[in-house]
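Heads up, the thing below is written out as structure tokens.
Computed from the coordinates by the stated procedures, all read-outs in this text should not be read as laboratory data. Computed from a predicted structure; not experimentally measured. Virtual Cβ from ideal backbone geometry, glycine too; neighbours counted across all protein chains shown.
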């Protein structure tokens with residue numbers, strides 16, 4: 001009896017102890033008193049100063065400091081780069097006094113914490129649909145609010161971003177919204193996702209600094225160095241199967257909301273919608289920012305947006321120039337908003353970049369020559385002397401990351417020349433095989449190094465594989481029959497499943513073998529680095545299969561045949577670690593892991609082919625009866641079932657769009673078409689096309705009829 005009583009008392013004491021412990025943990029402050037005071041003071045200072053400075057002019061050094069500070073806050077508002085990269089820059093900005101550096105940094109954290117970051121201009125979505133019978137369409141504010149709600153309600157912001165992409169892709173396939181809405185929505189969702197991740201990061205940094213009694217700023221810089229901040233993780237890193245399933249499951253509800261978005265009242269969007277910079281401060285900031293190195297992520301992106309008036313060379317001048325051209329009644333407002341949105345997305349590739357200002361050090365040409373065996377690194381006279389250490393640092397970082405992926409790659413003997421002139425044929429960068437020289441423009445070449453260094457790898461392979469050793473090995477292999485490299489390149493050329501993106505940008509769609517290989521190697525290198533939690537905006541700007549960047553083009557290796565062909569080609573040229581090979585093949589060819597956006601895009605781009613009786617029945621309906629389309633999958637795992645549902649949603653969207661267009665022209669054709677029968681025919685045609693090409697295996701989770709086994713499970717598609 002006493003034993004039972006003692007045991008009961010012990011259990012009660014333990015329960016009480018656990019309750020007290022949980023109470024202490026749950027009640028611990030999420031931010032220390034000092035950090036809260038610093039954020040509140042800095043945020044209030046700039047809130048009040050911005051009001052007072054609306055009609056003021058910057059004067060003297062103090063005015064310059066204030067213009068620079070407003071520039072940091074404006075870049076945060078527009079989402080021009082990671083908030084923590086901005087904080088890190090502000091902490092070491094030599095143009096600011098030490099006390100002002102701290103004040104700007106705390107203000108950035110405070111404004112991020114209250115949501116004044118990554119604000120998307122709703123005018124970017126105007127005129128994209130859906131449209132009511134009266135002709136009125138959904139407002140841009142309705143689109144932005146829809147995207148924000150979808151991401152905020154998701155179990156993970158990354159799953160919410162994927163769900164938004166899929167919903168807009170399917171709506172575009174139905175013809176409910178403009179096709180351009182898919183890319184715009186993907187860009188906006190990327191910024192909204194980053195805002196949610198950054199807000200979670202700042203909560204963690206503030207809470208952990210309070211618990212460990214460490215400096216907030218020192219902890220933040222340490223986490224940047226360790227690449228552990230979620231918002232700075234590469235977006236090309238694959239999403240877990242669980243989050244992909246969650247995103248796919250959310251798509252039907254999002255599609256239903258998008259269908260009726262034109263009936264949604266204009267919401268009141270939160271966050272500051274006006275620039276903090278008046279024309280005087282913006283002009284001064286533009287002059288100060290022009291003294292910093294150019295960023296191709298800004299310059300190249302803006303050069304592809306011909307209708308916008310925004311012109312800039314880096315993120316600081318972009319914030320300034322946008323404030324100068326942005327007016328509420330300007331007819332080019334939407335074009336300018338699209339330019340800034342695209343530039344903000346391009347700047348995500350620099351999330352992990354370390355700060356650099358004119359006067360900061362870096363390696364010299366001799367350091368690079370001795371480390372990598374380069375023959376020479378030279379600069380044209382027009383490249384400012386004070387900028388050269390920056391470009392040498394970026395080149396060193398790119399070469400090191402290249403060797404992280406391909407340990408045996410050596411640029412020994414390569415010449416590199418930096419210039420500020422426009423390159424031949426409007427190229428972003430060039431590899432000249434005759435002199436083995438890498439021609440890099442400081443305005444356009446950032447993000448192209450993976451592509452150009454792949455050309456050099458191809459050049460080196462030609463010297464080993466062919467007697468005369470001229471040109472590129474891939475070009476030579478396609479001209480000369482036989483050999484494993486020629487077989488790999490033919491397989492890579494045959495496995496291209498996607499058309500070049502319709503988004504503005506430099507032409508990267510050449511079918512030349514050397515270009516096809518370099519584009520595929522670019523994706524391979526960026527994917528392998530992302531698996532390591534790394535991104536390098538000087539090496540590659542590839543973000544994912546939808547936001548491909550201005551240099552990568554569409555993924556060149558999708559599906560089992562494409563990935564194996566690319567990996568075989570790389571393996572013929574250099575050593576390829578098995579772990580990196582397996583990870584890439586899984587990400588781009590395994591039907592459980594391939595980005596679902598690529599699956600929907602493949603459906604959208606598949607032509608509808610009517611053959612034989614089907615073709616005649618479409619024209620003479622309802623003479624020939626049709627059977628309901630049958631789909632077969634090889635397993636019934638949760639991931640496969642989710643992808644099957646997504647595939648059928650995309651196919652059904654195409655079928656309904658086809659039937660709707662046909663009904664629109666029925667009086668012209670003079671045929672009474674059975675809509676249900678036409679939709680069934682389109683579904684069957686799409687299924688047949690998607691499952692008939694072997695390179696699609698690994699992308700489309702359906703089993704071709706000739707490969708169906710007893711284990712395959714089939715079901716009919718409901719109309």
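Rg to Rh ratio, the stretch 223-352, alpha-carbon atoms and Kirkwood radius? The partial results should precede the final answer.
Details: Rg = 18.6 Å, Rh = 17.7 Å.
Rounded to two decimals, Rg/Rh equals 1.05.
Relative contact order of the chain: what whole-number percent is it, with Cα pairs under 8 angstrom and at least 6 residues apart? For the chain, the relative contact order is 13 percent.
Note on the stretch 373-466: the alpha carbon radius of gyration divided by the globular reference 2.2 N^0.38 Å gives 1.06.
Semi-axes of the equivalent ellipsoid for the stretch 52-178, computed as √(5λ) from the eigenvalues of its C-alpha gyration tensor and ordered from largest down, come to 39, 18, 10 Å.
Give the Rg/Rh ratio for the stretch 290-448, taking Rg as the radius of gyration of the Cα atoms and Rh as the Kirkwood radius, to two decimals. Before the final figure, lay out each step's value.
Values: Rg = 17.3 Å, Rh = 17.0 Å.
A ratio of 1.01.
Counted by neighbouring Cβ atoms within 10 Å, the residues 515, 161 run from fewest to most as 515, 161.
Give me Rg/Rg_expected for the stretch 505-598, where Rg uses Cα atoms only and Rg_expected = 2.2 N^0.38 Å with N residues.
Details: Rg = 12.5 Å, N = 94, 2.2 N^0.38 = 12.4 Å.
My calculation over the Cα atoms of the stretch 505-598 gives 1.01.
When DSSP beta bridges are restricted to pairs lying wholly in the stretch 365-595, around 30% turn out antiparallel. Divide the volume of the convex hull around the Cα atoms of the stretch 507-549 by the residue count and you get 74 Å³ per residue.
Across q = 0.11 Å⁻¹, the stretch 198-271 modelled as identical point scatterers on its alpha-carbon atoms has Debye log10 I(q)/I(0) values of -0.55, in the order of the q list.
The helix-based estimate of mean residue ellipticity at 222 nm for the chain, built from -39,500 (n - 2.57) per DSSP H run of four or more residues and divided by its residue count, is -18500 deg cm²/dmol to the nearest 500.
Taking the DSSP beta bridges in the chain as the whole, what percent of them are antiparallel, to the nearest 5? Spell out each step's value before the answer.
Values: 9 of 19 bridges.
If I count the DSSP bridges inside the chain, around 45 percent turn out antiparallel.
Based on alpha-carbon atoms, the Kirkwood radius and the radius of gyration of the stretch 93-132 give Rg/Rh equal to 1.35. Distance between the pseudo-spin-label points of residue 269 and residue 579 (7 Å out from Cα toward the beta carbon): 4.4 nm. The rule of thumb for compact globular proteins, 2.2 N^0.38 Å, goes into the C-alpha radius of gyration of the stretch 365-595 0.97 times.
A straight line joining the Cα centroids of the stretch 362-376 and the stretch 36-65 runs 44 Å. Each principal axis of the Cα atoms in the chain has its own extent, and those three values, largest first, are 85, 83, 77 angstrom. For the stretch 365-595, the relative contact order is 20 percent, taking Cα pairs closer than 8 Å that sit 6 or more residues apart in sequence and dividing their mean separation by the residue count.
As a test of the definition: which semi-axes, in Å, follow for the stretch 126-282 when you take the square root of five times each eigenvalue of its alpha carbon gyration tensor? Largest first, please. Intermediate results must be reported in sequence, preceding the final value.
Details: eigenvalues 223, 89, 32 Å².
One finds semi-axes of 33, 21, 13 Å for the stretch 126-282.
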